[in-house]
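The values are calculated or read from the model by the stated rules, or taken from the named source; none is laboratory data. A quick note: this is a predicted structure, and the numbers were derived from the prediction, not measured. No Cβ is skipped: glycine too gets one built from the backbone with ideal geometry, and neighbour counts run over all protein chains shown. Ligands, DNA and RNA are excluded from the accessible area calculation, which covers all protein heavy atoms including side chains. Shrake-Rupley method; radii C 1.70, N 1.55, O 1.52, S 1.80 Å.
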Amino acid sequence: MLGFMDYVQNAFYEASHWNRDNSYGTLTATSRNILDFQTPDGIRLHVSSLASPNFATSYTLGSVGLVDGSLSYLYSSLPLTAYASKSSAIDLHRVVPGYRQLQDLRQPDEPRWWEIWHQGKRVDRREALLYGRLFLPRSTLEALYLRRLTPKAQLRVSCVSDSRLPNGGTILAHLQYDAAKHNTEYIYSTDSALLGVRGLYNFGPEPPLVEQPFEQSPDPTISTANEAVALATAPAPVRPNGRFSAGGEIYYGLLNKSGGISTGLRFTTLPAHTGFPYTMTLTLNPLMGNLSSTYSVLASPLLALSSRFDFNVYSYESELQVGTELWRRKSRPMPDDLDWARRKLGLPLLEQSLAKVDDADDMAGCLKARLDQRGSLGLLWEGRVKELLYSCGLTLDLKSAQNMVRGFGLEVQYSS
């Protein structure tokens, strides 16, 4: 389950119109969410708050052999009033990563739309996010600086300060450029002076241009002149059923004189697809000889399945892993079978008969499970009870007769 600070960062991405899925780094996000989930270790408690639309705090207390914790603070220049902050109101799909249904590509905003003028002077500013976290008692400090440079560009700088690391810490910088059709990312790390570049290209038609909102009439029954022209001349957009993407990355360490390269393909269905949503990926690391293929399918709104097959062309070693996520709805009183009679008599239906089954409040929790060929079984239940969000996980070794339980943990989150 995502932490509160990760949830706020994702809200910042959405509020600033940044597409996190259009990146080579998230090419296999769906399979990772289902197969690579982390089970809690020990007992951990998180207490968080969105004190104002621009400021959030979070405190963590854990017990894994010894008592530890962390203090976190976050500032966003963009108000996040449109997103729920109370743990009792947060949509579970936003904090429980699972199958990612990609949406149609959207062209970035025009730069002039971000301009704000006052008395002949530009007074607009670029949105930014600042985040810091201090781990106790190790005194490790993490920091993040995120800034939207243009509608197509974003700068992300993260750093870690720890006396146990070489040179006392490290800094990692990402310069991202997203043009919808293609995405480019430049990377630099102070750890061995690493330089890298990533790229992703989406095949298919160009995304439709986003028109600047036209003036609307205050009376919904009357259309203004420019509104009528816009409605009359706007062509019906052609929505593709799927998207094929190809990308790769290359990096090189100037100090240790070593590098790496990888490439990947992805095909995923889009909302216009009438069948089951599914995602297929194929990634290759030619230097290490690793080949990985994944297939994920959303069999129903409550069930997702995923599998991954890894193969090394040099050692001929292979690994197979399968996983699933199953959502559970809250129990509701069953409606009676007299709706047909009410329709015949022209009487209104009961409210419970008209209730939406896809309401965000309707989910009670999600069960995740994974199993690999070595007999390692991971189970994770994430849900909500009253005002609390919780995660309970267990790791088992099915081939070990003496010590089958490898790990168990519980995490509880509360936010206001």
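Structure notes:
- Screening the candidates R32, R20 for the property of being open to solvent by 30 Å² or more (accessible area, probe 1.4 Å) and either outside any loop (DSSP other than H, G, I, E, B) or modelled with pLDDT of 95 or more (or both) yields one hit, R32.
- Test set (1) in contact with a strand residue (DSSP E or B) (Cβ under 8 Å, 6 or more places away or on another chain); (2) open to solvent by 30 Å² or more (accessible area, probe 1.4 Å); (3) farther than 28 Å from E325 by Cβ - L45 fails condition number: (3)
- The set of residues from region 83-130 being within 19 Å of L146 (Cβ to Cβ) and in contact with a helix residue (DSSP H, G or I) (Cβ under 7 Å, 6 or more places away or on another chain) comprises Y83, R94, D124, L129.
- Single unsatisfied condition, V357 versus (1) exposed (fewer than 12 other Cβ atoms within 10 Å of the Cβ); (2) at pLDDT 90 or above; (3) not charged (D, E, K, R): (2)
- Looking across region 161-191, just one residue is among the β-branched types (V, I, T), surrounded by fewer than 17 Cβ atoms within 10 Å (Cβ to Cβ) and in a strand (DSSP E or B), and that is I171.
- Residues satisfying the stated conditions in region 54-68, i.e. closer than 25 Å to P79 by Cβ, part of a strand (DSSP E or B) and either among the small types (G, A, S) or open to solvent by less than 60 Å² (accessible area, probe 1.4 Å) (or both): A56, T57, S58
- Meeting the requirement of 2 or more residues that are under 30 Å from S189 (Cα atoms), of a type in the set (A, V, I, L, M, F, W, C) and open to solvent by 60 Å² or more (accessible area, probe 1.4 Å), the strands (runs of 3 or more DSSP E) wholly within region 259-336 are 278-285.
- Condition check for V197: modelled with pLDDT under 60 and surrounded by 12 or more Cβ atoms within 10 Å (Cβ to Cβ): no
- Residues that are in contact (Cβ under 8 Å) with a residue 24 or more places away in the chain and in a strand (DSSP E or B) were ranked within region 145-157; the one that is nearest to G169 (Cα to Cα) is L146.
- Residue count, region 90-111 (criterion: more than 12 Å from the chain's Cα centre (by Cα), at pLDDT 80 or above and open to solvent by 60 Å² or more (accessible area, probe 1.4 Å)): 3
For (1) of a type outside the set (A, V, I, L, M, F, W, C); (2) closer than 17 Å to D21 by Cβ, each residue gets a yes or a no:
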position	(1), (2)
A82	no, no
K86	yes, no
D91	yes, no
Y99	yes, yes
Q103	yes, yes
P108	yes, yes
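- Subset tally (residues that are in contact with an Asp or Glu (Cβ under 9 Å, 6 or more places away or on another chain), open to solvent by 20 Å² or more (accessible area, probe 1.4 Å) and either not in a loop (DSSP other than H, G, I, E, B) or not aliphatic (A, V, I, L, M) (or both)) for region 69-89: 3
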